[in-house]
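The values are calculated or read from the model by the stated rules, or taken from the named source; none is laboratory data. Please read all numbers here as calculations on a predicted model, not as lab measurements. As a convention, Cβ positions derive from the backbone with ideal geometry for all residues, glycine included, and neighbour counts pool all protein chains shown. With ligands, DNA and RNA removed, areas are computed over all heavy atoms of the protein, side chains included. Shrake-Rupley method; radii C 1.70, N 1.55, O 1.52, S 1.80 Å.
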Amino acid sequence: MKKFLIALVMAVLPLAASAAGGAKGHLDHMDVDLHNKASLQRGMQTFVNYCLGCHSADYMRYERAAMDLGMNPELVAEHMIFGDQKVGEQMTIAMPKADAAEWFGTAPPDLTLEARLRGPDWLYTYLRSFYADDSRPWGVNNAVFKDVGMPNVLAPLQGVVKANCSWADMNAHGMRGDGIDPLTNTPLNNCSSVVKGSGELSPEEFDNVVYDLVNFMVYMGEPSKLDSQRIGTYVLIFLFLFFFLAYALKKEFWKDVH
Ligand code: HEC
């Protein structure tokens, strides 16, 4: 009995742990679309331009991404590789981990599997939730990652975001509020405002850039998913056709038995 109880506790323990990790605050939802090649290509462009300076993607090769996303590997080598790497190599970076840890407090983690670790909604919200905070070393804080060690690298696009609520409020309701008031047509609990003229993009355009980027990160976390979905369709078509063949064969075999 004792052994059984221990086994039971061990079995439900992971559930309790994941429940504890579930308190993430408000997350904005995004619908991942791995069939949207144009979105994935734009996402990769943003990734190599804005993220690969600090974060590596050690388990992804440029060439693999080029093939999967329908890009010419030579063009990828020309426009997306800024170091002296070859297109067949992994998306590594030159920044030594130890130096990075000293500069930022924490070394920027490898991002190949990040989308599987955090999920697309979290990433989508995180990258759009930086706000100005003078008490932090980089002058920014983040509504889903308190006291984050990463600067707001997308600020030139998004602009400077001023927070109008406490961190706890922003975390609970999101930066842009949790819905639109149907009567006044204004955002409810809107906790942020972008300083006019400080960014290149409008909030909607910026959302699209981050959407594409996270879409790409989801692809990167599981590149074979594109293949499995394509093969899966053929398998289902085959099974559908095979059903009729098998049924006809069964009829033929049993014809004389009765
Ligand atoms: C200037 C260096 C730098 C750049 C450029 C940068 N980051 Fe970061 N990033 C960091 C650091 C440092 C951390 C660790 C923060 C911490 O743990 O407090 C981090 C953390 C993260 C995390 C959270 C990791 C986790 O799960 O704990 C994500 C996600 C992330 N970065 C995504 C990105 C993306 C996407 C880009 C490109 C748009 C990017 N970063 C560009 C430095 C950078």
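The combined condition, being part of a helix (DSSP H, G or I), more than 20 Å from Val209 (Cβ to Cβ) and open to solvent by 10 Å² or more (accessible area, probe 1.4 Å), is fulfilled by Ala77. Quick check on the range 204-242: of everything there that is of a type in the set (Ser, Thr, Tyr) and in contact (Cβ under 8 Å) with a residue 60 or more places away in the chain, which residue is most open to solvent (accessible area, probe 1.4 Å)? Out of the qualifying residues, it is Tyr211.
Taking the criterion of being touching a helix residue (DSSP H, G or I) at 6+ places or on another chain (Cβ under 8 Å) and among the small types (Gly, Ala, Ser), the residues of the range 55-70 that qualify are Ala57, Ala65, Ala66, Gly70.
Of the residues Met175, Met150, only one is open to solvent by less than 70 Å² (accessible area, probe 1.4 Å), assigned to a loop (DSSP other than H, G, I, E, B) and modelled with pLDDT under 95; which?
Working: Met150 fails: modelled with pLDDT under 95.
Just a single option satisfies the conditions, and that option is Met175.
Checked against (1) in contact with a Gly (Cβ under 6 Å, 6 or more places away or on another chain); (2) closer than 25 Å to Pro108 by Cα, Val209 passes all but condition (1).
Looking at the range 153-169, which of the residues that are assigned to a loop (DSSP other than H, G, I, E, B) and open to solvent by 20 Å² or more (accessible area, probe 1.4 Å) is nearest to the ligand (Cβ to nearest atom)?
Of all residues in the range 153-169, those assigned to a loop (DSSP other than H, G, I, E, B) come to 153-154, 159-160, 164-166.
Still in the running and open to solvent by 20 Å² or more (accessible area, probe 1.4 Å): 153, 160, 164-166.
Values: Val153: 4, Val160: 17, Asn164: 24, Cys165: 22, Ser166: 20 Å.
Restricting to residues being assigned to a loop (DSSP other than H, G, I, E, B) and open to solvent by 20 Å² or more (accessible area, probe 1.4 Å), the top hit is Val153.
For the range 72-80, state whether one or more residues are at pLDDT below 95 and touching an Asp or Glu at 6+ places or on another chain (Cβ under 7 Å). Within the range 72-80 (the criterion being at pLDDT below 95 and touching an Asp or Glu at 6+ places or on another chain (Cβ under 7 Å)), the answer is no, since none of the residues qualifies.
Summed over the range 118-134, the residues that are in contact (Cβ under 8 Å) with a residue 24 or more places away in the chain and within 10 Å of the ligand (Cβ to nearest atom) give a count of 3.
Among residues of the range 119-147 being part of a loop (DSSP other than H, G, I, E, B) and of a type in the set (A, V, I, L, M), the one that is surrounded by the most Cβ atoms within 10 Å (Cβ to Cβ) is Ala143. Listed conditions (1) of a type outside the set (S, T, N, Q); (2) at positive phi; (3) within 11 Å of the ligand (Cβ to nearest atom) are all met by Pro137, apart from (2).
Those residues that are loosely packed, with under 11 Cβ neighbours inside 10 Å and either of a type in the set (Phe, Trp, Tyr) or near the ligand (Cβ under 6 Å from one of its atoms) (or both), I need them from the range 93-105; list them, please. Across the range 93-105, there are no qualifying residues. So, Leu201, is that one of a type in the set (A, V, I, L, M), under 21 Å from the mean Cα position of the chain (by Cα), within 16 Å of the ligand (Cβ to nearest atom) and surrounded by fewer than 18 Cβ atoms within 10 Å (Cβ to Cβ) or not? Yes, satisfied.
Would you confirm, using the coordinates I've provided, whether Ile93 is in contact with a His (Cβ under 9 Å, 6 or more places away or on another chain) and over 29 Å from Gly174 (Cβ atoms)? I'd like the intermediate steps shown before the answer.
Details: in contact with a His (Cβ under 9 Å, 6 or more places away or on another chain): yes; over 29 Å from Gly174 (Cβ atoms): yes.
Yes: the conditions hold for Ile93.
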